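Below is one structure, written out as C-alpha cells, with a few remarks after it.
The values are calculated or read from the model by the stated rules, or taken from the named source; none is laboratory data. This is a predicted model, so every value here is computed, not measured. No Cβ is skipped: glycine too gets one built from the backbone with ideal geometry, and neighbour counts run over all protein chains shown.
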Amino acid sequence: MCVLFSVVIALMNITACKAIEKCFYPLEYEEYIYKYCDLYDIPYDLLAAVIKAESDFEHDAVSRVGAVGLMQVLPATAEEMAKRMGLEYDVDTLTDPETNISYGSYYLAYLYKNLGNNWKTACAAYNAGIGRVKSWLDSKEYSEDGKTLKSIPFEETKNYVKEIEKNREKYRKLYFS
C-alpha cells in the first residue's frame, strides 16, 4: 500500500510540474500551428519555439525595429511572402494570428529550403537575415560545409538559436512527445 501511495504522489507531482511548466511555455493558436506546419513541413515544436521566442504568443507584439505579431514579421518581409504565396497584402492584417503565422511559417520554410535544409541555420537567418547567414555559410570561419554554421558571429543571433533549441525541447516534452 505504501508503494502505491508513493507512486500516486509521484505522478501527482509530475502532473503539477508539467502544468506549471505549461504556464511558462504556453501553446496558443494550435490550429494555425498545425495547419501551417503541415502545409510547409515544419516541425510543430520548432514553430511553437519560434513564436515563443519572438512574441511569447502575444498576437499584437511590435518590436523596436517594427516587426509585428506572433512571429515578429517585418512588413516588407510579409509583403514579399504574400507575393510569393499569391496573396493580397495588407499591413493591417499582420496582427491577425492566422495571417502572421502563415507569413512567418512560409518564410521559415523558405529559409530552410534556401539554406541547406538545416533548421538551426534557418532560425539564425530568421533572426539575422538571409544575406548575413549566406555570408557566414560562405566563410570557412563559420561553416565547414556551406550548409551548417559551426559558429555564429552575432551574439544576439547565437543566443536566439540557443533559445529556440531550449524552447523546442520544452515544447516537445510538454506538447509533442
* Asked: Of these, CYS23, CYS2, which one is loosely packed, with under 10 Cβ neighbours inside 10 Å, under 19 Å from LYS166 (Cα atoms) and at pLDDT below 95?
  -> CYS23
* To do: Look at GLU165 and say whether it is under 19 Å from ALA49 (Cα atoms), of a type in the set (Asp, Glu) and in contact with a Lys or Arg (Cβ under 8 Å, 6 or more places away or on another chain).
  => yes
* Asked: Across the stretch 69-100, which residue is surrounded by the most Cβ atoms within 10 Å (Cβ to Cβ) among those that are polar (S, T, N, Q) and either within 20 Å of LEU46 (Cβ to Cβ) or under 17 Å from the mean Cα position of the chain (by Cα) (or both)?
  -> ASN100
* Exclusive hit being modelled with pLDDT under 95 and either at positive phi or hydrophobic (A, V, I, L, M, F, W, C) (or both), set GLY146, GLY129 -> GLY146
* Structure fact -> Checked the stretch 145-161 for anything exposed (fewer than 14 other Cβ atoms within 10 Å of the Cβ) and within 15 Å of the chain's Cα centre (by Cα); matches are ASN159
* Could you please let me know if LEU87 is in contact (Cβ under 8 Å) with a residue 40 or more places away in the chain and either not polar (S, T, N, Q) or not in a helix (DSSP H, G or I) (or both)? => no
* Out of curiosity, is LEU46 in contact with a strand residue (DSSP E or B) (Cβ under 8 Å, 6 or more places away or on another chain) and closer than 28 Å to SER151 by Cα? -> no
* Scan the stretch 112-142 residue by residue and report those that are free of Cβ contacts under 8 Å to residues at least 12 places away in the same chain and small (Gly, Ala, Ser). => GLY129, GLY131, SER135, SER139
* **Conditions (1) assigned to a helix (DSSP H, G or I); (2) exposed (fewer than 13 other Cβ atoms within 10 Å of the Cβ); number of the one not met by LYS140** => (1)
* Structure fact -> Those residues of the stretch 26-71 that are in contact with a Ser or Thr (Cβ under 9 Å, 6 or more places away or on another chain), part of a helix (DSSP H, G or I) and aliphatic (A, V, I, L, M) come to a total of 4
* Structure fact -> Restricting the stretch 101-117 to residues that are surrounded by fewer than 18 Cβ atoms within 10 Å (Cβ to Cβ) and outside any helix (DSSP H, G or I), the one modelled with the highest pLDDT turns out to be ASN117
